[in-house]
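Colleague: My structure is below; once you've seen it, I'll send some questions.
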Amino acid sequence: QVQLVESGGGLVQPGGSLRLSCAASGSIFSIYRMGWYRQAPGKQRELVAAITSGAGTHYADSMKGRFTISADNAKNTVYLQMNSLKPEDTAVYYCTANVRVVDSSRFDNYWGQGTQVTVSS
């Protein structure tokens, strides 16, 4: 019913920047929150940042000041601007959205397929 498609991952040198995008499509009535998680090899998936439809944002402490989340509500799209990237930022980044689909009264969480970010010289 809902598809999330991420783009923008890749290989970047330490100190570099990347911008991730995630577009939601399908039978969407409304979106309450969109966000990004990441999972590095051998580690648990962790929250990176989230943004609500009212533009409230939340960041994991290690990302504050380096990452910026934003959204285009009209396009059901969320962005993650990542600056000053470090090798420890290497992970698969997943988009997530809390969506109410058409003909439903509840919000459910959906996930994208993930995009690889590799920070290496």
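The values are calculated or read from the model by the stated rules, or taken from the named source; none is laboratory data. All values reported here derive from a predicted model rather than from experimental measurement. Positions of Cβ are backbone-derived with ideal geometry, glycine not excepted, and every protein chain shown enters the neighbour counts. With ligands, DNA and RNA removed, areas are computed over all heavy atoms of the protein, side chains included. Shrake-Rupley method; radii C 1.70, N 1.55, O 1.52, S 1.80 Å.
Colleague: Looking only at residues in region 92-103 that are open to solvent by less than 30 Å² (accessible area, probe 1.4 Å) and more than 16 Å from Arg19 (Cβ to Cβ), which one is farthest from the chain's Cα centre (by Cα)? Lay out the reasoning, then the answer.
Modeller: Keep residues of region 92-103 that are open to solvent by less than 30 Å² (accessible area, probe 1.4 Å), which gives 93, 95-99, 101.
Within this subset, residues satisfying the condition of being more than 16 Å from Arg19 (Cβ to Cβ) are 96-99, 101.
Details: Thr96: 6, Ala97: 9, Asn98: 12, Val99: 14, Val101: 20 Å.
Among residues in region 92-103 that are open to solvent by less than 30 Å² (accessible area, probe 1.4 Å) and more than 16 Å from Arg19 (Cβ to Cβ), the one farthest from the chain's Cα centre (by Cα) is Val101.
Colleague: Could you grab me the full set of residues in region 55-66 that are open to solvent by less than 70 Å² (accessible area, probe 1.4 Å) and out of contact with any helix residue (DSSP H, G or I) (no Cβ under 9 Å at 6 or more places or on another chain)?
Modeller: Gly56, Tyr59, Ala60, listed by residue number.
Colleague: Has region 19-26 got at least one residue that is more than 12 Å from Asp89 (Cα to Cα), open to solvent by less than 60 Å² (accessible area, probe 1.4 Å), in contact with a strand residue (DSSP E or B) (Cβ under 7 Å, 6 or more places away or on another chain) and among the polar types (S, T, N, Q)?
Modeller: Filtering region 19-26 for residues more than 12 Å from Asp89 (Cα to Cα) gives 19-26.
Add one more test, that the residue is open to solvent by less than 60 Å² (accessible area, probe 1.4 Å), and what stays is 20-26.
Applying the additional criterion that residues be in contact with a strand residue (DSSP E or B) (Cβ under 7 Å, 6 or more places away or on another chain) yields 20-26.
Now restrict to residues that are among the polar types (S, T, N, Q): 21, 25.
The answer is yes; a qualifying residue exists.
Colleague: Right, something else. Among the listed residues Asp72, Asp89, which satisfies the condition of being farther than 22 Å from Val12 by Cα and modelled with pLDDT of 95 or more? I'd like the intermediate steps shown before the answer.
Modeller: On the way: Asp89 fails: farther than 22 Å from Val12 by Cα.
Step by step, each of Asp72, Asp89 is checked, and only Asp72 is farther than 22 Å from Val12 by Cα and modelled with pLDDT of 95 or more.
Colleague: Here is a follow-up. Could you run through region 104-114 and say how many residues are assigned to a loop (DSSP other than H, G, I, E, B) and touching a residue at least 12 places away in the same chain (Cβ under 8 Å)? If you could, list the steps in order and put the result at the bottom.
Modeller: Of the residues in region 104-114, the ones assigned to a loop (DSSP other than H, G, I, E, B) are 104-107, 112-114.
Narrowing the set further to residues that are touching a residue at least 12 places away in the same chain (Cβ under 8 Å) leaves 104, 107, 112-114.
Of the residues in that region, 5 qualify.
Colleague: If you don't mind, there's one more thing I want to ask. Check Ala55 against each of (1) in a loop (DSSP other than H, G, I, E, B); (2) aliphatic (A, V, I, L, M); (3) at negative phi and name the one condition it does not meet.
Modeller: Among (1) in a loop (DSSP other than H, G, I, E, B); (2) aliphatic (A, V, I, L, M); (3) at negative phi, Ala55 violates only (3).
Colleague: Can you tell me which condition Gly15 does not meet? The list is (1) open to solvent by 50 Å² or more (accessible area, probe 1.4 Å); (2) more than 14 Å from the chain's Cα centre (by Cα); (3) at negative phi, and all the others hold.
Modeller: Going through (1) open to solvent by 50 Å² or more (accessible area, probe 1.4 Å); (2) more than 14 Å from the chain's Cα centre (by Cα); (3) at negative phi one by one, Gly15 breaks only (3).
Colleague: Select from region 4-46 the residues that are part of a loop (DSSP other than H, G, I, E, B) and hydrophobic (A, V, I, L, M, F, W, C) and list them in ascending order.
Modeller: Taking region 4-46 first, the residues part of a loop (DSSP other than H, G, I, E, B) are 8-9, 13-17, 27, 40-45.
Within region 4-46, Ala40 is the sole residue that qualifies.
Colleague: For region 65-102, name all the residues that are outside any strand (DSSP E or B) and in contact with a Phe, Trp or Tyr (Cβ under 8 Å, 6 or more places away or on another chain).
Modeller: So the first thing to find is which residues in region 65-102 are outside any strand (DSSP E or B), and the list is 65-66, 73-76, 83-90, 102.
Asn83, Val102, listed by residue number.
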